[in-house]
1. Restricting attention to region 66-100, and to residues there that are of a type in the set (D, E, K, R) and closer than 14 Å to Ser17 by Cβ, which single residue is most open to solvent (accessible area, probe 1.4 Å)?
2. So Val5 passes all but one of these: (1) open to solvent by less than 20 Å² (accessible area, probe 1.4 Å); (2) out of contact with any Phe, Trp or Tyr (no Cβ under 6 Å at 6 or more places or on another chain); (3) of a type in the set (A, V, I, L, M, F, W, C). Which condition number does it fail?
3. (1) at pLDDT 95 or above; (2) β-branched (Val, Ile, Thr); (3) out of contact with any Cys (no Cβ under 6 Å at 6 or more places or on another chain): which one isn't true of Val78, the others all being true?
4. On the given criteria, is Met34 more than 15 Å from the chain's Cα centre (by Cα) and surrounded by 15 or more Cβ atoms within 10 Å (Cβ to Cβ)?
Amino acid sequence: QVQLVESGGGLVQPGGSLRLSCAASGMIFSISPMGWYRQAPGKQRELVAIITSGGSTNYAGSVKGRFTISRDNAKNTVYLQMNSLKPEDTAVYYCNAKVALRYYWGQGTQVTVSS
């Protein structure tokens, strides 16, 4: 079965950086579009960034220029490099995979941006 395991979250000061990782298994990673979503307390889950199997990317306007999504097909891993973090980036970040018309989610990793 498909499993997605996120890591790399934590507490960081405003202006700081974090890199999230999502290790995938049980799927043909190289052909699967992957994405990062986030959900802040009291808000709906929202798209942060996506990357296609070919490496094309798309970002939410609020993170464009600060976040970078990438993938390493040899390691079955997708990354989210987050720079210039702001308090409003505080949320649980979820990895997402599209496999054979179904969507799968990881358990999430908490990112807290606070001084």
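1. Step one: filter region 66-100 for residues of a type in the set (D, E, K, R), giving 66, 71-72, 75, 86, 88-89, 98.
Those still in the list that are closer than 14 Å to Ser17 by Cβ too: 66, 86, 89.
On the way: Arg66: 31, Lys86: 83, Asp89: 1 Å².
Per the criteria, the residue is Lys86.
2. (1)
3. Every condition holds for Val78 apart from (3).
4. Values: more than 15 Å from the chain's Cα centre (by Cα): no; surrounded by 15 or more Cβ atoms within 10 Å (Cβ to Cβ): yes.
So Met34 does not fit the description; no.
The values are calculated or read from the model by the stated rules, or taken from the named source; none is laboratory data. Note that the structure is a prediction, hence the values are computed from the model and not measured. Virtual Cβ from ideal backbone geometry, glycine too; neighbours counted across all protein chains shown. Note: areas computed on protein heavy atoms with side chains; ligands, DNA, RNA excluded. Shrake-Rupley method; radii C 1.70, N 1.55, O 1.52, S 1.80 Å.
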